[in-house]
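The values are calculated or read from the model by the stated rules, or taken from the named source; none is laboratory data. Since the model is a prediction, treat every value here as computed from it, not as a measurement. Reconstructed Cβ throughout: ideal geometry from the backbone, glycine too, with neighbour counts over all protein chains shown. We work out accessible area using only protein heavy atoms, side chains counted, and drop any ligands, DNA or RNA first. Shrake-Rupley method; radii C 1.70, N 1.55, O 1.52, S 1.80 Å.
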Amino acid sequence: MDNSVLLTGLPRSGITLLASMLNKDDKIYVTTTSPFVEILWRNFTLWDDPSYSGEFDTENIRKAKLPFLRGLTEAYFAQLTDKPIVIDKRRSWHSATNIEMYRDIYGNFPKIICPVRSVTEIITSYRVLYKANNTEFDSERLKSNMFSTSYSDMVAGYEKYPECFLLVEYDDLVDKPHETLSSVYEFIGADMPKQNFNSVEASEAEGDHGIHGLHTLRNTLSKDTANPQEVLTEEEFEKFSSWDFWRTPLTGLK
């Protein structure tokens, strides 16, 4: 993982867009939504699983844990790419538990690129998308990894390990792509290529979970035009306006 970076972030905040931009670089490989953190976690915790205590209690087996997990990492990514910089993309990387697992395995804290966006705009984007799919959207859909779990994990991870994160504002990514990408390249310690980041390759390679357009990119950089105050109820707008924890004192999930 010497040249590996993690890409996480809030939903509807430009994660897929940023991945597409970085994948234009011949030196960088950004995964699609990756199962690797889950593969790593299951193997990492197996050593301390009471069900297998008898098989893992010898000194040689205990010593094999970290070399095995590091070798697993190399073998996994070698099957995907031979590019020198790998960026593994999955939102759950920003949880404090996964950051600590990374540190324990590789001996250093991860570099986490983390797109963020006004939460009122995130909820608005979901509402507009679901309406376009003729699908009802309600607060129940915000639960679990679609929003609430991802949000609360990021709050906890960022609060505990802020030095691991490079927060990338969605508005900056769209309005100032070269300047924003420059900060990303500086963060990962790589030279930024001379490329046109204003054009985007439209893609729907990611699974859409039955919602068409969930990961579709526009051909050119542009923001959603929907106004949160016109789409959300007054109660929703007031509630979610206080959730931009990286801009204001941490409030947490209410």
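Against the numbered list (1) touching a Leu at 6+ places or on another chain (Cβ under 8 Å); (2) of a type in the set (S, T, Y); (3) open to solvent by less than 10 Å² (accessible area, probe 1.4 Å), S34 comes up short only at (1). Inspect all residues belonging to the range 4-25 and state whether any of them is hydroxyl-bearing (S, T, Y), touching a helix residue (DSSP H, G or I) at 6+ places or on another chain (Cβ under 7 Å) and closer than 26 Å to E159 by Cβ. Looking for residues that are hydroxyl-bearing (S, T, Y), touching a helix residue (DSSP H, G or I) at 6+ places or on another chain (Cβ under 7 Å) and closer than 26 Å to E159 by Cβ, one finds at least one in the range 4-25, hence yes.
In contact with a Leu (Cβ under 7 Å, 6 or more places away or on another chain) and of a type in the set (S, T, Y): which single residue out of S20, S53 fits that description? On inspection, the qualifying residue turns out to be S20.
For the range 145-169, taking the residues that are among the hydroxyl-bearing types (S, T, Y) and more than 17 Å from F240 (Cα to Cα), the one that is least open to solvent (accessible area, probe 1.4 Å) is identified as Y161.
Please state which one of D138, D104 is over 20 Å from the mean Cα position of the chain (by Cα), more than 27 Å from G157 (Cβ to Cβ) and open to solvent by 20 Å² or more (accessible area, probe 1.4 Å). Among D138, D104, only D138 is over 20 Å from the mean Cα position of the chain (by Cα), more than 27 Å from G157 (Cβ to Cβ) and open to solvent by 20 Å² or more (accessible area, probe 1.4 Å).
A quick yes/no check of all residues on (1) of a type in the set (K, R); (2) in a strand (DSSP E or B); (3) touching a Lys or Arg at 6+ places or on another chain (Cβ under 7 Å):
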residue: T16; (1), (2), (3): no, no, no
residue: D26; (1), (2), (3): no, no, no
residue: V30; (1), (2), (3): no, yes, yes
residue: I39; (1), (2), (3): no, no, no
residue: F44; (1), (2), (3): no, no, no
residue: D48; (1), (2), (3): no, no, no
residue: G54; (1), (2), (3): no, no, no
residue: D57; (1), (2), (3): no, no, no
residue: K63; (1), (2), (3): yes, no, no
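Which residues, taken from the range 121-143, are part of a helix (DSSP H, G or I), among the polar types (S, T, N, Q) and within 25 Å of S20 (Cβ to Cβ)? Across the range 121-143, the qualifying residues are T124, S125. A count restricted to the range 77-95 and to residues that are within 26 Å of G14 (Cβ to Cβ) and either in a loop (DSSP other than H, G, I, E, B) or open to solvent by 20 Å² or more (accessible area, probe 1.4 Å) (or both) stands at 9. Considering the conditions (1) open to solvent by less than 60 Å² (accessible area, probe 1.4 Å); (2) free of Cβ contacts under 8 Å to residues at least 40 places away in the same chain; (3) within 21 Å of S92 (Cα to Cα), K65 is excluded by exactly one of them, (3).
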